[in-house]
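Here is the structure we will look at.
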Amino acid sequence: MRFLVALVFVVLALVANAHPEDEFCVPGEDGLDPALCEALNAMQSGEPMRPLLDEQGNERGTLSTVGLYIKIGVGHILPGGLDHILFVLALFLTSTSWRALILQVTMFTLAHSLTLGMAAAGWITLNAAWVEALIAATIAFVAIENLFVKQLPRWRLPVVFLFGLLHGLGFAGFFSELGLPDNQFLAGLVGFNIGVEIGQISVLLVAVAVTLPLRRRFEAAGQPGRYRSTVVMPASFVIAAIGAFWTVERLLAV
């Protein structure tokens, strides 16, 4: 069992980069909306930003823009955002109750929503390379902490909020690169944030579906401690190793 848990995370790390979706204007069925790519290419070429168009060539309305960016936000997490996935899983692994999990996820959501909005609007700006390195460090920190604590420590919630601010800057870096006309910026931002939340909640639901039967099995056998030794410890160790590797790799690239 420990080997299987570790193997899953290692395979994830090998087959996916942290942000492969940064190359989002790619021809083919898996690329983003052609109109969105056209608008982005216009922005990068220095041309004035044109309205975001739908498949029929008409300017997108608010709801259409929100819907498009929900899809983009989900894609930024699933399957593109492996670093964000690992961070959310690290929070999940140390949560021994629904209350603990909800509190952590709520803090993370509030924090990254705050900096996503502020950074996307241009109110704050940080070096993207440093932000990505720090995001990797947050993954390693939480996962390493999981190896030493059995209950949610008192400092975890403020730490998660602080780390969420960094992750929001990472989201904002990707969102800002998409480039939107002023009249569609807010709709795109709202849709993107909703999509990110859908992606994160999906990760948590899958994690619950996979681990809950194991937890109940160990509890029924009168061995609740085996869940920690079989699932939490090996998974946290692998996440910590991946986070540490990314931290060093990104720091060397700064």
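Only the coordinates and a few stated rules stand behind these numbers; no lab work does. Computed from a predicted structure; not experimentally measured. Here Cβ is always computed from backbone atoms with ideal geometry, including for glycine, and neighbour counts include all displayed protein chains.
The table for this structure:
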read-out: For the range 132-197, size of Cβ-based charge dipole, Lys and Arg +1, Asp and Glu -1, in debye; value: 420 debye
read-out: Neighbour net charge for VAL142 - beta-carbon separation under 14 angstrom, K R +1, D E -1; value: -1
read-out: Fewest-first sequence of VAL208, VAL232 by Cβ atoms within 10 Å of each Cβ; value: VAL208, VAL232
read-out: Cut-off 13 Å between beta-carbons: net charge of the residues surrounding HIS167, Lys and Arg +1, Asp and Glu -1; value: -3
read-out: Cleavage-rule hits, trypsin sites (Lys or Arg not before Pro), the range 124-201, DSSP coil, Cβ neighbours within 10 Å at most 15; value: LYS150, ARG154
read-out: Distance in nm between pseudo-label sites at PHE245 and ALA209 (7 Å out along the Cβ direction from Cα); value: 2.7 nm
read-out: Computed E for VAL254/ALA220 - FRET, C-beta separation, R0 45 angstrom, nearest 0.05; value: 0.35
read-out: Charge dipole (the range 118-254, unit charges on Cβ, about Cα centre) - positive-most of PRO153, ALA241, ALA120; value: PRO153
read-out: Proxy reagent accessibility, fewest Cβ within 10 Å first, across ARG60, ARG228, ARG217; value: ARG217, ARG228, ARG60
read-out: Pairwise label distance in nanometres, ASN58 with TRP123, each label 7 Å out on the Cα-Cβ vector; value: 3.5 nm
